[in-house]
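Q: A single structure is presented below for examination.
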Amino acid sequence: MNLTVSILSGEDQGQEYHFCTCGSSKSQPFCDGSHVGTSFTPRVIVSETDNEEAYLCACKHTGNTPYCDGTHKQFSKDDIGKEGPGPTQKPSDLPTATSTLEEPTVEYIHQLAREGLSKLGHHGQMTSMGVPRHELPHWDELQIMAAQMATKPLMEDESVSTELIIGPEAKKPLKLKVPLFVSDMSFGALSEEAKISLAMGIPEGQPAISPPTFKNLSSASEFKDFADHVREITGGIPIGFKLSANHIEKDIQFALDASADYIILDGRGGGTGAAPEMFRNHISVPTIPALARARRYLDKQGASGRVTLIITGGLRVPIDFVKALALGADGIAISNSAMQAIGCVAARMCNTNNCPAGIATQKEELRKKLNIEKSSKQLYNFFNASVELMQVMARACGHDDLRKLNKNDLATWHREMTHLSGVAYSGIMDISGNV
């Protein structure tokens, strides 16, 4: 137990720190990711003073978290490992707002009332990673209907095709050996911010800002003109749209009108390196119904087979990938699984620049933790193992090609999942209650 007090200096004005709340960090008082697997999350502190110093509590018994109130002076080395006195409060002090199960937002309300957005920032509290999986419709609620008699399974030694063609009607369609690839990522995915600036043609020191929309591109015809220009200078590579799953049918129609060769649909549950908590927790359609709606719409528009549909957002393991293909995806883009395969421990602190695995960080001392050769081999193994297991399940369903997986290979006994996915209900009654 460290009884010393660390100093937060005004020399680092605007610097963001992450205060350990679980008490297990070896870098007290700062978070080092030790809270992984617990309900604790680090507390964000922004240095604002110009000339003053703020003392952070390292004993975890302050009554003014995260700042020191002198409580540590009550301790000696003999007290280490024993229960502390806990926070002290003067009788004249107002009670401190503490969130509870019944009132989970009281601390947040007090913070907004006390500080406005001066400390949270223009977009509110930032967060990382995707929506927790237990808050979403779960792939485990879909079951595979394996072949048996009416349809026969394939023998173990029969080959199963795994090819994915992105943009089959493009002059230069992209042919992949497997229907999996690593999704595009932004924050923390590259090692040096300077590389991003150079690649974007931005002068050193000037921030790179991704706007919510493009002022010079508005209508579908304007996007089509731009896409045709890219096709012309590249010899006809596939041009596509990555869409967040919100106004799904309308946005897909816009993409079709703009001559999309492929669409990547990102459902609620997808990961993010850094995003406003308000957006992560309160927008978008979950991946399962988003995929079902997208495939249905492409079928109705006669676009299936010529416009490739890639799904992403919360898919983790091979059986998820199989079910996504059966539900209508042509391919799967993965982010979190890929990062975890190379060493991510899901500390959910990508936005802090303190990734304990050295992946989503720009700090040299942390980046040294990532063994590139070892990590790349792990990713290779993950992809190979995933595809092999997908082939196993395809054979069990009687298919010699992953592209032949379809909705008839799925069922569910969860009524809500039937409504969300359109997959057949397993019970004797249909979803309306008729036998």
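Q: How large is ³J(HN,Hα) for each residue in region 386-394, as worked out from phi by the Karplus curve 6.51 cos²θ - 1.76 cosθ + 1.60 (θ = phi - 60°), to whole Hz, x for Gly and Pro?
A: Taking θ as phi minus 60°, the curve returns 4, 5, 4, 5, 5, 5, 4, 6, 4 Hz for region 386-394.
Q: Ordered by residue, what ³J(HN,Hα) values in Hz, to whole numbers, does region 95-103 give under the Karplus form 6.51 cos²θ - 1.76 cosθ + 1.60, where θ = phi - 60° and Gly and Pro are x?
A: For region 95-103, the Karplus curve yields x, 8, 5, 10, 5, 10, 4, 6, 10 Hz.
Q: Contact order normalised by length for region 290-385, with contacts defined as Cα pairs under 8 Å and 6 or more residues apart; what percent is it? The partial results should precede the final answer.
A: Details: 93 pairs, mean separation 18.4, N = 96.
Once normalised by length, the contact order is 19 percent.
Q: Tabulate in residue order the Karplus-calculated ³J(HN,Hα) for region 309-317, using 6.51 cos²θ - 1.76 cosθ + 1.60 with θ = phi - 60°, rounded to whole Hz; enter x for Gly and Pro.
A: These are the phi-based 3J(HN,Hα) values: 10, 9, 10, 8, x, x, 7, 10, 10 Hz.
Q: Hey, another quick one. Taking the DSSP beta bridges in region 134-421 as the whole, what percent of them are antiparallel, to the nearest 5?
A: Values: 5 of 22 bridges.
Bridges in region 134-421 are about 25 percent antiparallel.
Q: Hey, another quick one. Can you put T412, T151, T287, T38 in order of Cβ neighbours within 10 angstrom, beginning with the fewest? Intermediate results must be reported in sequence, preceding the final value.
A: Numbers: T412 18, T151 13, T287 28, T38 10.
In order of increasing Cβ crowding within 10 Å: T38, T151, T412, T287.
Q: Using the structure shown, list the pairs from K60/K368; K242/K323; K26/K369; K172/K250 with a Cα-Cα distance above 19 Å, or answer none. Don't jump to the answer; show the numbers that get you there.
A: Values: K60/K368 30 Å; K242/K323 21 Å; K26/K369 16 Å; K172/K250 27 Å.
Violating the 19 Å Cα-Cα cut-off are K60/K368; K242/K323; K172/K250.
Q: If you don't mind, there's one more thing I want to ask. Would you please give the residues with an amide H less than 5 Å from that of A303, counting only those at least 5 places away or on a separate chain, with H modeled from the backbone geometry?
A: none
Q: Then there's this: Taking amide H positions as placed in the peptide plane 1.01 Å from N, state which residues far from L410 in sequence (5 or more) or on other chains have amide H under 5 Å from it.
A: Answer set, sorted by chain and number: M145.
Q: Between D401 and residues 5 or more places away or on another chain, which pairs have amide H atoms under 5 Å apart, with H built 1.01 Å from N, and which residues are they?
A: Those qualifying (amide H under 5 Å, at least 5 residues apart or on another chain) are S161.
Q: At a threshold of 8 angstrom on Cα-Cα distance, excluding pairs fewer than six apart, so keeping six or more, what relative contact order does region 134-421 reach in percent?
A: Once divided by the residue count of region 134-421, the mean separation gives 28 percent.
Q: Sorted from fewest to most neighbouring beta carbons within 10 Å, what does the list K215, K152, K60, K171 look like?
A: Working: K215 6, K152 9, K60 20, K171 12.
Going from sparsest to densest Cβ surroundings: K215, K152, K171, K60.
Q: Can I ask one more? Using the number of other C-beta atoms within 10 angstrom as an exposure proxy, rank I288, I45 with the fewest first. Don't jump to the answer; show the numbers that get you there.
A: Working: I288 29, I45 19.
Listing I288, I45 from fewest to most nearby Cβ atoms yields I45, I288.
Only the coordinates and a few stated rules stand behind these numbers; no lab work does. For clarity, every value in this text was computed on a predicted model and none was experimentally measured. Because the Cβ atoms are built from the backbone with ideal geometry, glycine has one as well, and the counts that use them run over all protein chains shown.
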